[in-house]
Amino acid sequence: MKCLVTGAAGFLGSHLSETLVGMGHTVVGLDDLSGGYAENVPTGVQFVQATILDFDRLNKLFAEEQFDYVYHLAAYAAEGLSHFIKRFNYMNNVVGSMNLINAAVNHAVKCFVFTSSIAVYGEGRTPMREDMIPMPTDSYGIAKYTVEQELASSHHMFGLDYVIFRPHNVYGERQNLGDPYRNVVGIFMNQIMQGKPLSVFGDGTQQRAFSYAGDIVGGIARSPEVPAARNRIFNIGADTPYTVNELAQVCCEVMGAPVNINHLPAREEVKVAYSDHTLAKEILDVNPQTTLRDGLQRVANWAKQHGPMQGTPFSAIEVYKNMPPSWQKLVAAQEK
């Protein structure tokens, strides 16, 4: 099968592309390199540097390659920041996705696999289950839910089969350690390597189930070939929630550093978020085996070998009201 993976230079897209190649598929990876790195693209993957906002380029690529499956992972995945970059969020995460869906319909793609997010569920609903009506509370979750609804509509109207995954708090080797707004594991490890205290919003009792990328890419990769998975939604990720304070503790331990936390003012975010994975286990045989400590140790080993990264703060802020002060300082420093 010939597959398109968007976001292929990001760490999750990289792991997925590697898995697909190992399964014997022909893989084309597409990425605009705004958040990933070309060095992440695995051997055996044909890489195309392009944005999903360029519908002419996408249509030409689909016509040339005649993809069987599309795995759509490209997104600007920053839930907290999405409140302050609404236009950017919806352009990249909704309009770009519509370009891909249109191309998939027009070029008879057999199955469209989409990585959504548990951000669609909203606040105070744990464990999150697929039969819950989504009630997203941030612009990122709204965007993801919009694409989910469009896929259901496109299946009804055009017969485009899909599989939707709602992963959560995924981490792994090849992360963009320099991004100051997303992927808390990468942020913590980057701060440790720079001798800085770990930035924790609020009291650190927020709970998340941190999911190792290697545990979930297999299920995502094989999903189009599992008939019972077609036109279904699956939560996917780790089962056990941990507080951010606990995550910080283990990150310091695997990095061999003393615990040094800087508690910042709390920001607007879901307090507790973890999901039920019964469907993914039953239908896709997804059973994460990597403990948090083991997964973090693997990332720590990679991070130490790679070294710290210097990220570029997001400069195109659209709304400053109620923005966390620490983020305002990053933007202000960037604008000088």
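The values are calculated or read from the model by the stated rules, or taken from the named source; none is laboratory data. Quick caveat: nothing in here was measured; it's all calculated off a predicted structure. Neighbour counts run over all protein chains shown; Cβ positions are idealised from the backbone, glycine included.
Quick notes
- Condition check for Phe114: aromatic (Phe, Trp, Tyr), at pLDDT 95 or above, touching a helix residue (DSSP H, G or I) at 6+ places or on another chain (Cβ under 8 Å) and surrounded by 23 or more Cβ atoms within 10 Å (Cβ to Cβ): yes
- Of residues in segment 242-301 being hydroxyl-bearing (Ser, Thr, Tyr) and closer than 22 Å to Thr137 by Cα, the one surrounded by the most Cβ atoms within 10 Å (Cβ to Cβ): Ser275
- Pair list, Cβ under 6 Å, 6 or more apart: segment 289-316 residue free of Cβ contacts under 8 Å to residues at least 60 places away in the same chain and outside any helix (DSSP H, G or I), other residue surrounded by 13 or more Cβ atoms within 10 Å (Cβ to Cβ) and of a type in the set (A, V, I, L, M): none
- Of the residues making up segment 5-19, those that are over 20 Å from Asn93 (Cβ atoms) and either touching a Ser or Thr at 6+ places or on another chain (Cβ under 9 Å) or at pLDDT below 95 (or both) number 1.
- Any chance Pro265 is free of Cβ contacts under 8 Å to residues at least 40 places away in the same chain and in the same structural domain as Phe201 (by TED's automatic domain parsing): no
- Filtered by the rule that a residue be hydrophobic (A, V, I, L, M, F, W, C), touching a strand residue (DSSP E or B) at 6+ places or on another chain (Cβ under 8 Å) and more than 19 Å from Gln297 (Cβ to Cβ), segment 239-274 gives Ile261, Leu264, Ala266, Val272, Ala273.
- One residue alone among Ala104, Ala63 is in contact with a strand residue (DSSP E or B) (Cβ under 7 Å, 6 or more places away or on another chain) and of a type in the set (A, V, I, L, M, F, W, C), and that residue is Ala104.
- Checking each residue in segment 31-66 for being outside any loop (DSSP other than H, G, I, E, B) and within 13 Å of Phe11 (Cα to Cα) picks out Asp31, Ala38, Glu39, Asn40.
- Qualifying residue in segment 143-162 (condition: in contact with a Ser or Thr (Cβ under 6 Å, 6 or more places away or on another chain), within 26 Å of Asn40 (Cβ to Cβ) and in contact (Cβ under 8 Å) with a residue 12 or more places away in the chain): yes
- Matching residues, segment 60-76, being more than 17 Å from Val21 (Cα to Cα) and crowded, with 16+ Cβ neighbours inside 10 Å: Leu61, Phe62, Ala74, Ala75, Tyr76
- Unmet criterion (only one of (1) buried (at least 23 other Cβ atoms within 10 Å of the Cβ); (2) in contact with a helix residue (DSSP H, G or I) (Cβ under 8 Å, 6 or more places away or on another chain); (3) of a type in the set (Gly, Ala, Ser)) for Gly178: (1)
- Which numbered condition Gln328 fails, given (1) surrounded by fewer than 17 Cβ atoms within 10 Å (Cβ to Cβ); (2) outside any helix (DSSP H, G or I): (2)
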